[in-house]
Amino acid sequence: MTETKTSENRPTETRNGVIGRPIDRIDAPLKVRGDATYAYENALDGTAYGYILGAAVAKGRIAEIDTDEAEGAPAVLLVMTHRNAPAQPDFGPAVTPTVREVFTRARPVLNSERVRYYDEPVALVVAETFEAARAAAGLIRVRYDEEPGLYDLPARVADAYAPKRTNAGFETDSVVGDFESAFAAAPVKIDATYRTPFEHHNPMEPHATLAAWSGNELTIHTSAQTLANFRAGVASTLRIPPERVRIVSPFIGGGFGSKLIAHADTILAALAAQVLQRPVKIALTRQQMFANAGHRAEMIQQVRLGADTDGRLNGIAHDVWSATSSFEEYCEQTAVFARSLYAAPNRLTRHRLVPLDINRGEWMRSPGEAPGMLAFECAMDELAERLGLDPIELRIRNEPTRDPERGVPFSTRNLVACMEDGARRFGWERRNPTPGRTREGRKLIGHGMAAAIRPNYIGAATARVAIDRDGRVTARLDMTDIGTGSYTILTQIAAEGLGVPISSVKVELGDSRFPRTAGSGGSWGAASAGSALHNACNALKERILEAARSSEASPLRGANATEASFADSEVRVGQRSASLADLIRRIAPDGFEAEGSVAAGAATESYKAYSQHSYGAHFAEVAVDCDTGEIRMRRMLAVMGAGRILNVKTARSQIIGGMTWGIGAALMEQTVLDPRHGHFVNHDLAEYHVPINGDVPEMEVVFLEEHDDKANPFGAKGLGELGVCGAGAAVANAIYNATGVRVREFPITLDKVLPALPVIAI
Amino acid sequence: MQSFTYERAASAEQAAAAVADRPDAKFISGGTNLLDLMKLEIERPAHLVDVSRLPLNRIEETAEGGLRIGAQVRNSDLAADQRVRSRYPMLSQALLAGASGQIRNKASTSGNLLQRTRCPYFYDRNMPCNKREPGAGCAAFQGFNRMHAVLGASEACIAVHPSDMAVAMSGLDARIETISPGGETRTIPIGDFHRLPGAMPHVETVLGHGEMIAAVTLPLPPPGRQVYRKVRDRASYAFALVSVAAIVEKSGDRVQSARIAMGGVAAKPWRATEAERMLAGAAASNGAFTDAAEAALDGAIGHGGNDFKIPLAKRTMRHTLAAAVESA
Ligand SMILES: Cc1cc2nc3c(=O)[nH]c(=O)nc-3n(C[C@H](O)[C@H](O)[C@H](O)COP(=O)(O)OP(=O)(O)OC[C@H]3O[C@@H](n4cnc5c(N)ncnc54)[C@H](O)[C@@H]3O)c2cc1C
Ligand code: SF4
């Protein structure tokens, strides 16, 4: 693994060498000891326990709901249904007026007799114990007037509509040149349609909340990725000012995008706690998470590529038809990456939606790129084969010099370097380009690659940093650590910035009372919160210096050299220096505090002037069993160009996690929506498969040395989700190379390759 | 989950009597299947009789040269037993191919035999399921039935029995010893133990209410090499799409005798008797194995989502037979 080093003298940095170091996760000891308290583990005196009963039908209305028996059951405190739930605002329109309101809108629960999706909450039982609540929930009798619903995407493509925008506010369509004519005239063409299934985030920790009121102030211990939005959503649903809601979420057992907004556990815990005047705790069950905590929608994706015989693309088109909810639109930005990836004069990307009677989709593990690149990067592989060209060479021939649709330059773009470096390390030249030819015993071996691209998002963020008389530093921000390493890299940024050891820094996250950040999502966390903290450290240093130069008690009084530095727990001004702790004790016995901020990326000049993305190249080797069709990974490699790496260890963990999701998407992840009943059939972890240890091969991750000075002060870019972008396509392309079977319907389970496998004599 | 009363049985007879006394009572052993089903209210026993602490946790030699496995022997212990590993290797392989280390540490021999199907509609109380609610209909028949049966199913139910252990035991001609409330015992050949669904998929075995499994006996290991091959959707921790347990005895270039059981294809471990008959005395060849596999799946019926299991089972069987003779 190459380590990115802080080598050059950059004006905005000190050179203490803490950033980039592969230090262990700061929170790891707490987690392995079981001392990190997760939402449902919080204990408050007098806590009551809730259990949610979900609808037995996917569409209709509640004709009758009989709660008598449940209310009379032992230890039951409250049975809440739409008849007695506190008033909440109506759900509102399917599309919010602004992108931001997607995160902050009211999402009422138990608000109507309408059932909009299977397992939608129809009742909440609160009791003295969890067991009593669950038992009583089983005693509620509901009669539904069921209505026929729509659950079949492929059958309803003709009814698709064009949304006003995609998720994250991208244009629904993009058109450059005249794709149709270029495609018609292209000497070499690929027109391939892929299908990607419903998928579920399935974090280990379920969605869980402990809500407690004190007067008219509400405290919510929960598992949330972005606290400010979460708080706004809770406040608008409860119709109270956000200032009266406090969200506490210091540890999160995974989110993957499913914990950006409040779900039924939070809203119902808050409502029940209000009615009962007691703290109330609710968790979604694993089964309930499938209907009630978001999903990635099923999609049909058509990719058309037209090229000349040299492999230069004349036209690129990526059309996406996705399922969406009938009552709340979610349009994953599946084709958006294709606007920046390869050069071609004629281009077309379009997103279309088919409303179904299901719950809304939510942001899942690299929204857009994850399903989009799964299809598109396979189509590139198909084109390479059609042209008789190496897949890497095809991509190099279509490497753009500027962003192909925006026309602006790239901030940094090391895609070609990633592919070339990866090819060398992986031994790509030994791959047999003819599929189905490499056999080891009764196994077919294949190699595949794919490119990775992921936009660099920066969200507005503020951080506060304080130093006390002992030189101890405390940083506070409402950022979260969803298992990604936020605690660790923020500690490194503060230690680097103030020139103190890591052990002197304490980072406190996950409390909405702390300064607001964009939280964790879209891989923007490290760069956004990190930049804010970096700026806060700079502001703090200025305050310290100012006082050091002027204060009577200061050993540096009168030092007027302009050059000052903070390193090794010392402050140096010109030739004079003083211990940081000693200095603070003398000049400010109460310590100092300062704040720093960054603006949202989209608002900055550099964001407008440059196309900012992280890039990478994925390589995969698979073995396919000729007798059974079982597909197993043998090795994977990712080479990434993602700006400066803040901590090589946590960064690597992020990437291998993403690659693992790539394996999942390629080989096994799929939730089946029953087209008759509208429910997700395989709604538990025994039937919804994610890769387990045995499925994950040796993985190598390499970070190219890169510093993106357009991105932010320390040159880092979003990284977390880059690992999944294209990873699944590399696996799929390897399967094709192994077997000669091109499966365009994901996941590639053994039944889809088996019919084409040779029956080798024994 | 509904509340229930719980007692710990002091003896096998008492346990059997305690369950027989109440129609709503059930045995509980490791609980890895029953508790999951109770949480979802698919099983709603009002009384549990815990048999996990009964002294039925030994593996003993039998006079005929086999092993008698107490009903409470844990799956992990059974798989690790030296005698099982050397004399019944495919049983050990099958156990280790099932579930996860944690579950195997809890799961008992009796509970494994009696674990219920993983049909996802059976697991969702809002879906019609004849097994859960006789007469309600079968949601899987025209639904998502990728995991379902291709042999011995009925229109009433196409669920499979999910056990790996039972498939190996079937190939080994295991016998199940039970004890009834009055103290009387009986021995049931494993082939007669599970029932095919017919019109009554909710009746899954020949056990009477209150009849308790005390042990499983394995006869003298048959000659020949044993192989258990499980085909699944991921490398571990997944139920079998298809599995094959095979014991092939070879003499020279010919098959002397063969025993073959299949998992993942029916509501019970499926003995491929016709294939066994064809192989006895046949050449140990690609052709003979292919023909045997064809015969084993004769009459198999797919239901859409699980059509692939028929060719998959054939290919897996052919290959497993070959693997068994390779070093026999
Ligand atoms: C996630 C998961 C994955 C799994 N994967 C696999 C797999 O790949 N392959 C596989 O084979 N299995 C698998 N299993 C199933 C596992 O093997 C069973 O749950 C286990 O064997 C059941 O044993 P137990 O002792 O816990 O039974 P329990 O849950 O205690 O009991 C099961 C049933 O047996 C009855 N019973 C128990 N003991 C007796 C007795 N002595 N006499 C009469 N009745 C009795 C009980 O009343 C109950 O009806 C998996 C389970 C889980 C949860
Ligand atoms: S296959 Fe059997 S268990 Fe599954 S739904 Fe049908 S009847 Fe129920």
_Subset of the stretch B:6-24 (residues that are more than 14 Å from chain A (Cβ to nearest Cβ) and surrounded by fewer than 20 Cβ atoms within 10 Å (Cβ to Cβ))_ = B:7, B:8, B:10, B:11, B:13, B:14, B:17, B:20, B:21, B:22, B:23, B:24
*Read through the list (1) open to solvent by 10 Å² or more (accessible area, probe 1.4 Å); (2) within 27 Å of residue B:145 (Cα to Cα), then give the number of the only condition that residue A:669 fails.*
(1)
*Collect the residues in the stretch B:123-142 that are under 17 Å from residue A:56 (Cα atoms), more than 7 Å from ligand 2 (Cβ to nearest atom) and away from every other protein chain (no Cβ under 11 Å), keeping them in residue-number order.*
B:133, B:136, B:137
*Just give me the residues in the stretch B:220-243 being under 19 Å from residue A:625 (Cα atoms), more than 10 Å from chain A (Cβ to nearest Cβ) and part of a strand (DSSP E or B), in sequence order.*
B:227, B:228, B:243
*Filtered residue count, the stretch A:649-702, keeping only those that are within 8 Å of chain B (Cβ to nearest Cβ), touching a helix residue (DSSP H, G or I) at 6+ places or on another chain (Cβ under 9 Å) and closer than 20 Å to residue A:728 by Cα*: 5
*Hey, any hits in the stretch A:111-123 for a residue that's under 29 Å from the mean Cα position of the chain (by Cα) and open to solvent by 30 Å² or more (accessible area, probe 1.4 Å)?*
yes
*asked:* Quick check on residue B:35: is it within 13 Å of ligand 1 (Cβ to nearest atom) and in contact with a strand residue (DSSP E or B) (Cβ under 7 Å, 6 or more places away or on another chain)?
replied: no
*Sort out which residues of the stretch B:294-321 are surrounded by fewer than 21 Cβ atoms within 10 Å (Cβ to Cβ), among the aliphatic types (A, V, I, L, M) and free of Cβ contacts under 8 Å to residues at least 60 places away in the same chain, and write them in order of number.*
B:295
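Yes/no matrix, rows are residues, columns are (1) within 14 Å of another protein chain (Cβ to nearest Cβ); (2) open to solvent by 10 Å² or more (accessible area, probe 1.4 Å); (3) within 16 Å of ligand 2 (Cβ to nearest atom); (4) over 17 Å from the mean Cα position of the chain (by Cα):
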{"position": "B:162", "(1), (2), (3), (4)": "yes, yes, yes, no"}
{"position": "B:166", "(1), (2), (3), (4)": "no, no, no, no"}
{"position": "B:171", "(1), (2), (3), (4)": "no, no, no, no"}
{"position": "B:183", "(1), (2), (3), (4)": "no, yes, no, yes"}
{"position": "B:191", "(1), (2), (3), (4)": "no, yes, no, no"}
{"position": "B:199", "(1), (2), (3), (4)": "no, yes, yes, yes"}
{"position": "B:207", "(1), (2), (3), (4)": "no, yes, no, no"}
{"position": "B:210", "(1), (2), (3), (4)": "no, no, no, yes"}
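If you take the residues of the stretch B:25-45 that are part of a helix (DSSP H, G or I) and touching a Lys or Arg at 6+ places or on another chain (Cβ under 9 Å), which of them is surrounded by the most Cβ atoms within 10 Å (Cβ to Cβ)?
The selected residue is B:34.
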*Is at least one residue of the stretch A:241-249 under 25 Å from the mean Cα position of the chain (by Cα), modelled with pLDDT of 95 or more and over 18 Å from residue A:269 (Cα atoms)?*
no
*With the condition kept exactly as written, say whether any residue in the stretch B:102-125 is within 17 Å of the chain's Cα centre (by Cα), surrounded by fewer than 18 Cβ atoms within 10 Å (Cβ to Cβ), near ligand 1 (Cβ under 9 Å from one of its atoms) and of a type in the set (A, V, I, L, M).*
yes
*asked:* I need a count of the residues in the stretch A:721-762 that are open to solvent by 20 Å² or more (accessible area, probe 1.4 Å) and within 23 Å of the chain's Cα centre (by Cα).
replied: 1
*Say whether the condition of being in contact (Cβ under 8 Å) with a residue 60 or more places away in the chain, more than 9 Å from every other protein chain (Cβ to nearest Cβ) and not β-branched (Val, Ile, Thr) is met by at least one residue in the stretch A:749-757.*
no
*Would you call residue A:599 among the small types (Gly, Ala, Ser), crowded, with 17+ Cβ neighbours inside 10 Å and touching a residue at least 24 places away in the same chain (Cβ under 8 Å)?*
no
*asked:* Taking the conditions exactly as written (more than 26 Å from residue A:681 (Cα to Cα), surrounded by fewer than 20 Cβ atoms within 10 Å (Cβ to Cβ), within 13 Å of ligand 1 (Cβ to nearest atom) and more than 14 Å from chain A (Cβ to nearest Cβ)), does residue B:53 satisfy them or not?
replied: yes
*Taking only pairs six or more apart or across chains, which ones have beta-carbon atoms under 7 Å, a first residue in the stretch A:623-637 that is within 17 Å of residue B:323 (Cα to Cα), and a second residue that is basic (Lys, Arg)?*
A:625/A:442; A:625/A:443; A:626/A:442; A:626/A:443; A:627/A:442; A:627/B:315; A:628/B:315
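The values are calculated or read from the model by the stated rules, or taken from the named source; none is laboratory data. Fair warning: this is a prediction, and the values are worked out from it, not measured in the lab. With ideal geometry, Cβ positions are generated from the backbone for all residues, glycine too; neighbour counts draw on all protein chains shown. Please note that ligands, DNA and RNA were not included when accessible areas were found on the heavy atoms of the full protein model with its side chains. Shrake-Rupley method; radii C 1.70, N 1.55, O 1.52, S 1.80 Å.
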